[in-house]
Amino acid sequence: MNESAPYGMEKIRCPIKSGHSRGRRNSPLDVVVPCDPPPDVIFTWMSECLIQEPVRRIFESEGLTGFSALPAWARLKGTGRAIPVHELAVTGWGGIAPAASGIREVDRCPGCGHLHYSQLEVPEKLIDRKNWDGSDFFMIWPLPRFRFVTERVVQVCQRHKISGVNFSQNMPTPGTRSGYSPGRLSNYMPRERAHLLGGAQGIE
């Protein structure tokens with residue numbers, strides 16, 4: 001059961017398991033940025049990613065693929081000055097993590113659709129190039145907050161001296177014993193794209 005909640009959150013109550021009750025944002029991201037000047041790319045404490053308007057123009061003019069620039073709001077903590085930003089939603093697809101990585105779906109609640117996966121055990125098996133759609137930005141499910149990028153993204157950011165980003169060739173480390181409960185794919189990208197990618201698997 002879904003119901004409205006304050007601050008742009010939709011509250012999901014599971015009719016079967018109370019522990020599955022959770023919130024889902026249903027409005028544009030709205031944040032207060034503590035640093036002045038702010039970096040070109042801003043990450044929130046929930047790992048959402050904001051890009052300033054010049055960065056959006058650079059990414060689009062360079063032809064980078066696999067992202068959408070969603071409406072968002074940001075203002076400086078000290079002065080209240082608005083910062084023109086967009087939420088960067090990764091829409092590129094690296095597929096569902098292969099079983100060889102150790103990640104497997106272990107629970108799917110019939111009451112609310114809550115998904116639970118086992119932990120990552122073999123990081124080097126996480127990416128299967130056959131599942132990758134070729135996008136410059138892409139995600140692998142169920143790790144939506146790990147943003148994978150191609151060398152083109154790294155080069156663009158370095159060439160334009162875009163601040164607030166740090167790139168690493170390291171893979172995600174093996175997870176905790178509790179595994180992953182990422183919610184639904186539509187929590188992280190436009191619903192139409194989530195349905196196209198995850199509708200057949202029931203994860204959208």
(1) open to solvent by less than 40 Å² (accessible area, probe 1.4 Å); (2) closer than 29 Å to Ser178 by Cβ: which one isn't true of Ser18, the others all being true?
-> (1)
Working only within the stretch 90-108, note down all residues that are surrounded by fewer than 22 Cβ atoms within 10 Å (Cβ to Cβ) and either without any contact (Cβ under 8 Å) to a residue 12 or more places away in the chain or small (Gly, Ala, Ser) (or both).
-> Gly95, Ala99, Ala100, Gly102, Asp107
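Hey, could you check the stretch 122-161 for residues that are β-branched (Val, Ile, Thr) and within 14 Å of Phe67 (Cβ to Cβ) and say which is surrounded by the most Cβ atoms within 10 Å (Cβ to Cβ)? Even if it seems obvious, please write down each step before you answer.
Step one: of the stretch 122-161, the residues β-branched (Val, Ile, Thr) are 122, 127, 140, 149-150, 153-154, 156.
After this cut, where a residue has to be within 14 Å of Phe67 (Cβ to Cβ) as well, the list is 149-150, 153, 156.
Numbers: Val149: 20, Thr150: 18, Val153: 22, Val156: 20.
My answer is Val153.
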Would you please list the contacts, defined by Cβ atoms under 9 Å and residues six or more apart or on different chains, that run from a residue in the stretch 64-88 that is over 21 Å from Met46 (Cα atoms) and without any contact (Cβ under 8 Å) to a residue 60 or more places away in the chain to a residue that is open to solvent by 30 Å² or more (accessible area, probe 1.4 Å) and of a type outside the set (A, V, I, L, M)?
-> Gly78/Pro34; Gly78/Asp36; Thr79/Asp36; Arg81/Asp36; Arg81/Arg75
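The values are calculated or read from the model by the stated rules, or taken from the named source; none is laboratory data. Given the structure is predicted, the values throughout are model-derived calculations rather than measurements. Every residue, glycine among them, receives a Cβ derived from its backbone with ideal geometry; neighbour counts consider all protein chains shown. Surface areas here come from the heavy atoms of the whole protein model, side chains and all, with no ligands, DNA or RNA. Shrake-Rupley method; radii C 1.70, N 1.55, O 1.52, S 1.80 Å.
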